[in-house]
Amino acid sequence: MKHDTKMTRIKTVVSRFCPKILRKMSDYNKDTKIKQIEPGESVVEMQGITKRFPGVLANDTINFELKACEVHALLGENGAGKTTLMNILYGLYRFDSGEIKIQGVPVHLRSPKDAIAIGIGMVHQHFTLIPTMTVAENIILGVKSSKGPLLNLAEAEKQIIELSKTYNLEVDPKAKVEQLPMGIRQRVEIIKTLYRGARILILDEPTSVLTPMEIDDFFDALKSMVKEGLTVVFITHKLPEVFAISDRVTVLRRGRFVETVETKLTNPMDLSIKMVGREIHSGQERVDIKPGKVVLDVQGLKTMNDKGQEALKGISFSIHEGEILGIAGISGNGQKELADVLSGMRPSTDGTIRFLKQDVTNYTPKKLIEIGIGDIPEDRAGTGLLMNFSIAENLILESHAKTPFSHRSFLNKDEIRKYAEKIIQEYDIDTPSPNVPLRNLSGGNLQKVLLAKVLSRDPKLLILAQPTAGLDVRATEFISKKILEERERQVAILLISEDLERIMTLSDRIAVIYEGKIVGIVPTADAKISEIGRMMTGVV
């Protein structure tokens, strides 16, 4: 370890003053390329990998081994260090100490270019495609042409078609990316890495943008890749996915290695305990509630998106007291605009919104808050909270002028602090102090602050837009519990989510939105995932 630290210091100095020497130190990377080996043989070894960011130990002496022709799940909560570890293997980050070996040969990965040259590709959670370009143009972007300065698009399209057939990833190389659904865009990202010669494919939360049917097709494609000799690292925090697709699973917790085990030799309870220190309850205890009076009634609602196109095309639905109506759909089908209109952030162009029989169409956000509507926006950091303000300040944003937080126009800091400490404990917000700026909190803790701020006003209607998006299992479990508690208090809840499992778990009824229209509303008790999935793609 001391030797590693010393070498790291030497390389840091050399990189600043003698870059040519550093290039020579890593020249053997040029001769290292993943060769065809037998399934089950070790292809990657990461030993004692440590990575620090300011104030955070992201990876703490982690060991990770990848075997050829396997799907290896990398499991852990948000912040466990999964993506950081794989970003190191992909060359995006440099470790502070440790060693990486490719087929037994030590390598230094200074950039993704080095990783790609060796045969390692990575598809990130957020795609990097250029929408206005074709599939083929995106895939060959940055790759040297066989015709030198001239573009050989025809040859590239031919190779793309061959790759798509080989790996069961059907795409049209001539199609514009902006016209493709998210599932096909993901295929394009994968083919882009394969086009560059990847033999190891790292996938970061790959199912987060897919419908149930697309997930089934995607898993079939992964199996085809492995049969053709590829090796896959599958980053996830979803236990069902681990058992559906992986051969082995490595668990990380709080930046440390916990265990690597064959998937067939473990079970969900065992993995959940290893991942978070206790069992995760995938389902939530629901109390049977008889729905009360209608709280929200939406009829013929229309609105435009930011491009001036019609985003909602006359949708209608209602929600009762003590009822959760889930809105299911693929991203970009009008969910964002629906949440914006109902919370007063976007004007409607037609239709009516009635809250407790009162017409509140095009009311301002402030007025909607005053009459009892609570909004948890999708962009928690952009519109829901003030990131440079402290936790305590955010918790009283809409009530700072009221007793006991204010007296004669002066803030009562003692009362604000006491209230914040109470909320921090009640919502299990991980922070050393109420005075910590919000920008220092994780996504799960940000969502807890936002939820606490809104629920403190005792709303009669709660609009939740992607409330668990990007959250780990612990935070998701907590948020789900709070949502059900509000349902028990007879709050009417609109739950907009791309997580179909969460919709099925929490909702009383499910409304499916497609291209700005509600194509069907079904009771959750009668709903089948296959049926909902078809509706999400416009098949009724």
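General observations
- Answer residue from region 109-140, given it is more than 26 Å from the chain's Cα centre (by Cα) and open to solvent by 50 Å² or more (accessible area, probe 1.4 Å) and is nearest to Phe64 (Cα to Cα) among those: Arg110
- Looking across region 248-265, the residues that are more than 24 Å from Val56 (Cα to Cα) and surrounded by 18 or more Cβ atoms within 10 Å (Cβ to Cβ) come down to Arg248, Val249, Thr263.
Here is a yes/no grid of residues against (1) aromatic (Phe, Trp, Tyr); (2) surrounded by fewer than 22 Cβ atoms within 10 Å (Cβ to Cβ); (3) out of contact with any helix residue (DSSP H, G or I) (no Cβ under 9 Å at 6 or more places or on another chain):
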{"residue": "Leu368", "(1), (2), (3)": "no, no, no"}
{"residue": "Ile371", "(1), (2), (3)": "no, yes, yes"}
{"residue": "Ile376", "(1), (2), (3)": "no, no, no"}
{"residue": "Ala381", "(1), (2), (3)": "no, yes, no"}
{"residue": "Ser390", "(1), (2), (3)": "no, yes, no"}
{"residue": "Leu397", "(1), (2), (3)": "no, yes, no"}
{"residue": "Phe410", "(1), (2), (3)": "yes, yes, yes"}
{"residue": "Arg417", "(1), (2), (3)": "no, yes, no"}
{"residue": "Lys422", "(1), (2), (3)": "no, yes, yes"}
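- Selection within region 500-538 - free of Cβ contacts under 8 Å to residues at least 40 places away in the same chain and assigned to a loop (DSSP other than H, G, I, E, B): Ala527, Lys528, Gly538
- Residues in region 494-516 include at least one that is at pLDDT 90 or above, surrounded by fewer than 18 Cβ atoms within 10 Å (Cβ to Cβ), of a type outside the set (Ser, Thr, Tyr) and out of contact with any helix residue (DSSP H, G or I) (no Cβ under 8 Å at 6 or more places or on another chain).
- Residue check for Thr231: open to solvent by less than 80 Å² (accessible area, probe 1.4 Å), closer than 9 Å to Val71 by Cβ and in contact (Cβ under 8 Å) with a residue 12 or more places away in the chain: yes
- Residues of region 293-310 satisfying the condition of being modelled with pLDDT under 95 and open to solvent by less than 40 Å² (accessible area, probe 1.4 Å): Asn305
- Exclusive hit being free of Cβ contacts under 8 Å to residues at least 60 places away in the same chain and either surrounded by 20 or more Cβ atoms within 10 Å (Cβ to Cβ) or touching a Lys or Arg at 6+ places or on another chain (Cβ under 7 Å) (or both), set Ala475, Ala452: Ala452
- Applying the set (1) more than 26 Å from Val44 (Cα to Cα); (2) more than 25 Å from the chain's Cα centre (by Cα); (3) open to solvent by 50 Å² or more (accessible area, probe 1.4 Å) to Asn152 leaves exactly one unmet item: (3).
- Enumeration of residues in region 243-281 that are among the basic types (Lys, Arg), outside any strand (DSSP E or B) and at pLDDT below 95: Arg254, Lys274, Arg278
- Selection count, region 234-249, where residues are among the β-branched types (Val, Ile, Thr) and either more than 19 Å from Thr84 (Cα to Cα) or free of Cβ contacts under 8 Å to residues at least 60 places away in the same chain (or both): 2
- For region 518-540, filtered to residues that are surrounded by 15 or more Cβ atoms within 10 Å (Cβ to Cβ) and not β-branched (Val, Ile, Thr), the residue that is farthest from Gly322 (Cα to Cα) is Arg534.
- Options Ile324, Ile330, Ile319, Ile315: the member that is within 25 Å of the chain's Cα centre (by Cα), more than 27 Å from His126 (Cβ to Cβ) and not basic (Lys, Arg): Ile324
- Test for Leu75: is it of a type in the set (A, V, I, L, M, F, W, C) and open to solvent by less than 40 Å² (accessible area, probe 1.4 Å): yes
- Yes/no for Asn59 being closer than 20 Å to Val258 by Cβ, crowded, with 16+ Cβ neighbours inside 10 Å and of a type in the set (S, T, N, Q): yes
- Looking across region 439-465, the residues that are under 14 Å from Ala392 (Cα atoms) and more than 20 Å from the chain's Cα centre (by Cα) come down to Ala452, Lys453, Val454, Ser456.
- Of note, Phe95 does not satisfy the criterion of being within 25 Å of Leu471 (Cα to Cα) and open to solvent by 10 Å² or more (accessible area, probe 1.4 Å).
- Residues satisfying the stated conditions in region 369-423, i.e. at pLDDT 90 or above, of a type in the set (Gly, Ala, Ser) and part of a strand (DSSP E or B): Gly374, Ser390
- Each residue in region 172-187 was checked for being without any contact (Cβ under 8 Å) to a residue 40 or more places away in the chain, under 22 Å from the mean Cα position of the chain (by Cα) and under 17 Å from Glu157 (Cα atoms), and 2 of them qualify.
- If the condition is being touching a helix residue (DSSP H, G or I) at 6+ places or on another chain (Cβ under 8 Å) and more than 11 Å from Phe218 (Cβ to Cβ), then region 183-192 contributes Arg185, Val188, Ile191, Lys192.
The values are calculated or read from the model by the stated rules, or taken from the named source; none is laboratory data. Predicted, not measured: the structure shown is a model, and the values here were computed from it. Cβ atoms come from the backbone with ideal geometry, glycine included; neighbour counts cover every protein chain shown. SASA here: full protein model, heavy atoms, side chains in, ligands and nucleic acids out. Shrake-Rupley method; radii C 1.70, N 1.55, O 1.52, S 1.80 Å.
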